[in-house]
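Each remark here refers to the structure printed beneath this line.
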Amino acid sequence: MDTSETTTDVKEEDEHHEHPSDGKYMQIALVLAIITAAEVATYFVHIGDALIPTLMVMMVVKFWIVAAWFMHLRFDSKMFTRFFVAGIVLAISVYFIFLTVFEFWTEG
């Protein structure tokens, strides 16, 4: 088997994916709107210590939906997925480190 033929077939297969329909984009936008409404609702509903983890989970879900669907990450190379995952992991890590500054290293 010639490896150049296999490589060409894989590249052509990657390039010719079906884009989601307009209806699918509307569904995704509705899901994002619902998650955003839930985030805003956390301002009005007291959920105690669960606030930060709840908001972080909703943030990551929204990030993934936007990156996967609107930025077409689902259809691109896995290398791009790794870059985006590394970025969100780094952002969350920095955010939690920053939060610990206020929790543990302030004079109380």
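The values are calculated or read from the model by the stated rules, or taken from the named source; none is laboratory data. As the structure is a computational prediction, the values presented were derived from the model and not from experiment. Heads up, the Cβs are rebuilt from the backbone with ideal geometry, glycines too, and the neighbour counts pull from every protein chain shown.
List of remarks:
- Listed conditions (1) at pLDDT 90 or above; (2) exposed (fewer than 12 other Cβ atoms within 10 Å of the Cβ); (3) among the charged types (D, E, K, R) are all met by E39, apart from (2).
- Flag for W69 being closer than 23 Å to I97 by Cβ, surrounded by 13 or more Cβ atoms within 10 Å (Cβ to Cβ) and modelled with pLDDT under 90: no
- Selection over region 67-82 of residues that are small (G, A, S) and closer than 24 Å to L30 by Cβ gives a count of 2.
- Pairs are defined by a Cβ separation below 6 Å, a sequence spacing of at least 6 or placement on different chains, a first member in region 79-108 that is of a type in the set (A, V, I, L, M), and a second member that is surrounded by 10 or more Cβ atoms within 10 Å (Cβ to Cβ) and modelled with pLDDT of 85 or more; the pairs so defined are I88/F63.
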